[in-house]
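What follows is one structure encoded as structure tokens, with my remarks underneath.
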Amino acid sequence: MRYVSTRGEAPVLNFEQAMLTGLARDGGLYLPEHVPALDDLTTFEGLSYEYAAFRVIRPFLGESFSDSELRGAIARAYEGFGHVARAPLTQLAPSHHLLELFHGPTLAFKDFAMQLIGQLFQIALERSGQRVTILGATSGDTGSAAIEAFRGLPNVDVFIMYPHGRVSEVQRRQMTTPDNDNVHALAVTGHFDDCQARLKDLFNDHDFRDEVGLAGVNSINWGRVLAQIVYYVTAAVSLGAPHRAVDFTVPTGNFGDIFAGSIARQMGVPIRRMIAATNRNDILHRALSTGEHQLGEVYPTISPSMDIQVSSNFERALYFAYGGDAAAIRQLMDELKSGGFTISQGALQALREQYGSGRASEEETSSMIATVRAETGQIVCPHTAVGIKVAREHLEPGVPMITLATAHPAKFPDAVEAAVGQRPPLPPHMAAIFDLPERVTRVENDGEAIKSLILDRRTA
Ligand SMILES: *Cc1c(COP(=O)(O)O)cnc(C)c1O
């Protein structure tokens, strides 16, 4: 399997190289040259998450990992999850289901991908003796998931930039309390898009990139998208695929999670539509409904992991919608630098065939947490509430709707308490993070400052 960049000017790579690299050297994102079909979905019925993961992921790896390496990596990645089904489904209403993706070690869906690529990185680096510096930007949940997956690994340093003061206390403590020498949390002045912009700058600084062996595990990493395809398959099969089509609603920020659903769809899973649910930062909803992809201001919300204007993975969806025309994508991304672009009619139509969209205001999010609590007794996190609100606007008789529950409510206790008057407790094994000392470095939104910090601190 070969991987090409959405901008068409980076080397063609195999899976291992694409995973270790993250962002392509031309600033684009890697995609497989073709998407393999899944044969016979009925054979997935009643089998384990790990079995499904192997079947879904195997064809994308080519020669990069052997069957037994992949089986071992999958087993170790998910053994620490707090639910034997890994991604269990619960029911909200007769035709509306929640896919619980928060049973991993940091209580958000990011663990599904990060735990697996942590295992795959370890195998690849042990084999080559290579050392890498992982640099990530996070709106909250990616950072802790990356730290949890890579802490203590011998050939790796992990630097995570998060927007100072804009993540929840639990999210922050998950990043600042691990005491491994190879873990470095950086609190950057600014918002998430600033962190993401610095990340892109440093990756585009090829001398620096080569000197420290920069590796990216942000949601632009193809390995992350790949691991996320699996739960779309298991959820759809649980609710009747291949005999019955389903819809998904996905709380969306960087468009990585929902894009994985579109790959599942291309592989043959009968997904009718995927609905992108955004909070007040609704650039994707606006782009999908009007074709105008125009940057606005980033507003802090109670669903901070979606406080984004520049959704990196949307570039992948655009690449498919423009029929793989890398020159067209380069042009759009150039226009984006000066504020935005208009999606062509043909591409917009192609996007709308598979994606719907909606948004939830802060009040709507908060009141949906209360509504779900009243109707089902269940407490959901604010991101999930955004999804549920938008999903309810897209329910259709006869088509099961699956909303992704992207985080555990205990990660966002203030927002939940404001909505239902009750603080959801952290699972007992995590309660200790409130007592542990924090280690974090404050840094300005300045590429050179971040660069020298990395050169100075890295251990690998
Ligand atoms: C990361 C995250 C999202 C957004 O996912 P994307 O892949 O960036 O679209 C939604 N909810 C939670 C809780 C997250 O951590």
- Message: Here are the criteria: (1) more than 25 Å from Pro32 (Cα to Cα); (2) within 16 Å of the ligand (Cβ to nearest atom); (3) more than 16 Å from the chain's Cα centre (by Cα). Tell me which single one Gln309 does not satisfy.
- Response: (3)
- Looking at (1) closer than 24 Å to Phe102 by Cα; (2) open to solvent by 60 Å² or more (accessible area, probe 1.4 Å); (3) part of a helix (DSSP H, G or I); (4) among the charged types (D, E, K, R), which is the only condition Lys389 fails? (2)
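Do we have any residue at all in the range 103-114 that's in a strand (DSSP E or B) and over 27 Å from Arg458 (Cα atoms)?
Restricting attention to the range 103-114, the residues satisfying the condition of being in a strand (DSSP E or B) are 108.
Checking the rest, the ones that are also over 27 Å from Arg458 (Cα atoms) come to 108.
Checked against the condition, which is being in a strand (DSSP E or B) and over 27 Å from Arg458 (Cα atoms), the range 103-114 yields at least one hit.
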- Message: Return the residues of the range 257-299 that are touching a Lys or Arg at 6+ places or on another chain (Cβ under 6 Å), within 12 Å of the ligand (Cβ to nearest atom) and within 30 Å of Thr42 (Cα to Cα); say none if nothing qualifies.
- Response: Phe259
- Name the residues in the range 92-111 that are more than 16 Å from the ligand (Cβ to nearest atom) and touching a residue at least 24 places away in the same chain (Cβ under 8 Å), would you? Leu92, Ala93, Ser95, His96, His97
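Among the candidates Glu375, Glu353, which residue alone is open to solvent by 40 Å² or more (accessible area, probe 1.4 Å) and more than 30 Å from Thr42 (Cβ to Cβ)?
Numbers: Glu353 fails: more than 30 Å from Thr42 (Cβ to Cβ).
Of Glu375, Glu353, the one residue that is open to solvent by 40 Å² or more (accessible area, probe 1.4 Å) and more than 30 Å from Thr42 (Cβ to Cβ) is Glu375.
Please state which one of Asp141, Asp194 is acidic (Asp, Glu) and away from the ligand (no atom under 16 Å from the Cβ).
On the way: Asp141 fails: away from the ligand (no atom under 16 Å from the Cβ).
The unique qualifying residue is Asp194.
Here's a check for you: in the range 150-179, which residue that is closer than 18 Å to Phe121 by Cα and open to solvent by 20 Å² or more (accessible area, probe 1.4 Å) is modelled with the highest pLDDT? Even if it seems obvious, please write down each step before you answer.
Initially, the range 150-179 is screened for residues closer than 18 Å to Phe121 by Cα, giving 150-160.
From the residues that got through so far, the ones that are open to solvent by 20 Å² or more (accessible area, probe 1.4 Å) too are 151-155.
On the way: Arg151: 94, Gly152: 90, Leu153: 89, Pro154: 88, Asn155: 91.
Per the criteria, the residue is Arg151.
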- Item | Output for the range 151-171, where each listed residue is outside any loop (DSSP other than H, G, I, E, B), in contact (Cβ under 8 Å) with a residue 40 or more places away in the chain and in contact with a Gly (Cβ under 8 Å, 6 or more places away or on another chain) | Phe159, Met161, Gln171
- Item | the range 248-264 residues that are under 10 Å from Val225 (Cα atoms), paired with ones that are more than 8 Å from the ligand (Cβ to nearest atom) and hydroxyl-bearing (Ser, Thr, Tyr) (beta carbon under 6 Å, 6 or more apart) | Gly261/Tyr232
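The values are calculated or read from the model by the stated rules, or taken from the named source; none is laboratory data. Keep in mind it's a predicted model, so treat the numbers as computed, not measured. When we count neighbours, we look across all protein chains shown, and the Cβ atoms used for this are built from the backbone with ideal geometry, even at glycine. Note: areas computed on protein heavy atoms with side chains; ligands, DNA, RNA excluded. Shrake-Rupley method; radii C 1.70, N 1.55, O 1.52, S 1.80 Å.
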